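Worksheet for the structure shown next.
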Amino acid sequence: MIIRDEQVTDIDLISRLTTEAFRTAPHTQHNEAAIITALRSGGVLSVSLIAKEASEIIGHIAFSPVSIANQDKGWYGLGPVAVLPQHQGRGVGSALIRAGIERLKSIGANGCVLLGEPEYYHRFGFRRCDELILTGVPADYFMALPFSSKIPAGVVRYHEAFNVT
């Protein structure tokens, strides 16, 4: 398996892969592919990596900037991350997350937030961070991974692309 930046020729495959990966997922509005398209169209898809095995794209991860207290603090949101169902449970998602975190660090990011299952994301260092608030979600499912000891405080807002249906 290789992990690399998305290319223009990957865009349709990423959309289909994302739709398939979330087809039976609970707790979703099934708009993940539309979110990625809207992030890309808005010019805010900051990191977009694919996992490829042989000639098949089997996974994708997206990162986009978030605001904290209505300011750009150099933080990013992870999501969505998608792996084709037949390849789930083999470490593809974990490899994409680790590669994405390293990419964020290399571009000077200050940290990363996500909304997800604590049991899964704790292994990457994500933790509940009371300084950061995502309105309308259970606090235990909104986690942060700071890349320094300085953690901003305030309400986190994802790009408007996350409101697409």
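The values are calculated or read from the model by the stated rules, or taken from the named source; none is laboratory data. Predicted model, so just to flag it, every value in this text is computed and none were measured. When we count neighbours, we look across all protein chains shown, and the Cβ atoms used for this are built from the backbone with ideal geometry, even at glycine.
For this structure, a couple of remarks:
- Residues of the stretch 6-52 classified as farther than 20 Å from Pro65 by Cβ, in a helix (DSSP H, G or I) and either charged (D, E, K, R) or touching a Phe, Trp or Tyr at 6+ places or on another chain (Cβ under 6 Å) (or both), total: 4
- Only one entry in Gly108, Gly59 is surrounded by fewer than 18 Cβ atoms within 10 Å (Cβ to Cβ), small (Gly, Ala, Ser) and touching a residue at least 24 places away in the same chain (Cβ under 8 Å), namely Gly108.
- Within the stretch 41-56, if we keep just the residues that are of a type outside the set (D, E, K, R) and under 18 Å from Val92 (Cα atoms), the residue that is surrounded by the most Cβ atoms within 10 Å (Cβ to Cβ) turns out to be Ala51.
- Residue list for the stretch 3-40, restricted to those being surrounded by 17 or more Cβ atoms within 10 Å (Cβ to Cβ) and among the charged types (D, E, K, R): Glu6, Asp10, Glu32, Arg40
- Some residue of the stretch 75-86 being over 18 Å from Thr18 (Cβ atoms), in contact (Cβ under 8 Å) with a residue 24 or more places away in the chain and part of a loop (DSSP other than H, G, I, E, B): no
- If you go through the stretch 27-79 and keep only what is of a type in the set (D, E, K, R) and either in contact with a helix residue (DSSP H, G or I) (Cβ under 8 Å, 6 or more places away or on another chain) or farther than 13 Å from His159 by Cβ (or both), you end up with Glu32, Arg40, Lys52, Glu53, Glu56, Lys73.
- Output for the stretch 114-131, where each listed residue is over 12 Å from Ala144 (Cβ atoms) and loosely packed, with under 12 Cβ neighbours inside 10 Å: Glu119, Arg123
- Count - residues of the stretch 53-74 that are at negative phi, of a type in the set (A, V, I, L, M) and assigned to a loop (DSSP other than H, G, I, E, B): 0
- The one condition from (1) part of a loop (DSSP other than H, G, I, E, B); (2) over 24 Å from Thr18 (Cα atoms) that Asp140 does not meet is (1).
- For Ile3: the one exception among (1) at pLDDT 95 or above; (2) within 24 Å of Val156 (Cβ to Cβ); (3) over 14 Å from the mean Cα position of the chain (by Cα): (2)
- Out of Leu96, Leu134, one residue alone is modelled with pLDDT of 95 or more and closer than 20 Å to Ile3 by Cα. It is Leu96.
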